[in-house]
Every structure is written in structure tokens, then in C-alpha cells.
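The values are calculated or read from the model by the stated rules, or taken from the named source; none is laboratory data. Note that the structure is predicted; figures quoted are calculated from it, not measured. Don't worry about glycine lacking a Cβ; one is built from the backbone with ideal geometry, like all the others, and counts go over all protein chains shown.
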């Protein structure tokens, strides 16, 4: 057991240091068995979830929820740093120095004599610096800078973004909508004609992600909202069925559809 008392600090530095101290206690031999067994990969996946939860809180415009969720983001970032420091004490300092140096280097219009009057000018400077650093795409792989471990929806959107940056994109949303409809038809034709339906479904998903991106939305977050909506509605269906003494496993589709429509109306 570790004797530790929480203190509500007013300064950023003290509050941050307290969180680092708590994380160190959790990872110590006398700390928490669950926290000790977490790996960098585990925490990184948690960080992705927490980032989306922070976005949910931002959109709800709840200050208290936003503070709580941002705290969880900090927790996971600092946990990642602590895990690295367990085998390399200089790792986090090196990471912080590296990103600070990169920000200064890639913003010559702020920290040096270059000029940029618009976001477009900034991107030109940014790409010029990446060329100097040797971090532009390989000649034989235009997408070489896309991380292989990127979640699949984000990877599809990033592929499309890369293509858009060199002008390969739809001029307006009409073409994107038509492409989605075309891919739906090809899935149906594949089913009827014995084609490669899995490939056609992949094309359909890619086109829907393209539509989502084109309209300015994040495909993973859009699907996350749909998942949450379906879960909430079906939980109401289950509750309604219980109230009416209806066993879902033996209910027919018309009965369940009626419950679903009622759940939608009550949302």
C-alpha cells in the first residue's frame, strides 16, 4: 500500500507533476497489477478511444465533461511516456526536444525570416521543409508516409487526402454520390453474377468513406456515433419488450420493427 493524498493544485506544472507521480506509483512494484501489465500498444489503443471521447465532450459543450475527458487523454499520454522511461530515462525528454525543434524548424514564417500570409502558404513552407528533411514520399510509393498501423478507416481517408492534395478529387459532391450508387449496383451485380463480392463491398466502403471525407466529416467518428445510436435504441427495444413480457428470441420481425420504430420516435 502506498500512502498518497490528492492535492488540488492551481498551477499547470504542479498538477502535471502530481499526475506523473500517481502514474509512477501505479506502475511500481507496490502499485496496481493491471496498470503494471499494460504495454505501450495497450495504452495507444486506449488513447485513440479517449481522443474520441474528448471529441464527444467538446461537441456536447459540457465544460466538466471536456475537462474529465482531456484529463484521460493526458493520463494515457503520460502513461506512454512513463512506460518508455522505465527502460530509457531520456526518452520523453528526447521526444519533447524533438517535437519542439521540429515545430521551430517547420515554422520559419514565425521563428525566422520567411513569410506566409495564408494557410496555403504555410503548407507550401511545411512541404519545403519536409523535402529538406528527406521525408517526402518515396518515388515508387506515393503513400509511403501513411503509417501502416493507422486504423483502417483513417487509412482510407488519408489515402484520399493524399490524392486530393495533388488535385485528384471530385469537383463537387454529385460525383461522389453517383460513385456510391455505382458501387452499390456493383455489389448487387456481384451477388447475382457470382463475382468477387468481398472486393465490391470494399469498393463500396471506400466510396462511402470518400463521401464522408468530401463532406468534411471523420468517417470513424461518424460510425462511432451510429454505433452509439443503434446501441441506445436497441437497449430501449429490449426494455420495451421486457415491459410487455415479450421474449425477443421468439418475437417475429414485425413485432421487433414496431418496437424499433417506437424507440426511434422516443429518441
Single match in 235, 218 (criterion: out of contact with any strand residue (DSSP E or B) (no Cβ under 7 Å at 6 or more places or on another chain), surrounded by fewer than 14 Cβ atoms within 10 Å (Cβ to Cβ) and under 22 Å from residue 59 (Cβ atoms)): 235
Condition check for residue 206: over 20 Å from residue 152 (Cβ atoms) and in a helix (DSSP H, G or I): no
Filter result for residue 128 (loosely packed, with under 15 Cβ neighbours inside 10 Å, within 18 Å of residue 215 (Cβ to Cβ) and more than 21 Å from the chain's Cα centre (by Cα)): no
Where residue 244 falls short, out of the listed (1) surrounded by 13 or more Cβ atoms within 10 Å (Cβ to Cβ); (2) more than 20 Å from the chain's Cα centre (by Cα); (3) without any contact (Cβ under 8 Å) to a residue 24 or more places away in the chain: (1)
Test for residue 172: is it over 22 Å from the mean Cα position of the chain (by Cα), at negative phi, modelled with pLDDT of 95 or more and not assigned by TED's automatic domain parsing to the domain that holds residue 56: no
First in segment 85-114 and closer than 16 Å to residue 126 by Cβ, second anywhere and assigned to a loop (DSSP other than H, G, I, E, B), Cβ under 6 Å, 6 or more apart: 108/114; 109/115; 109/116
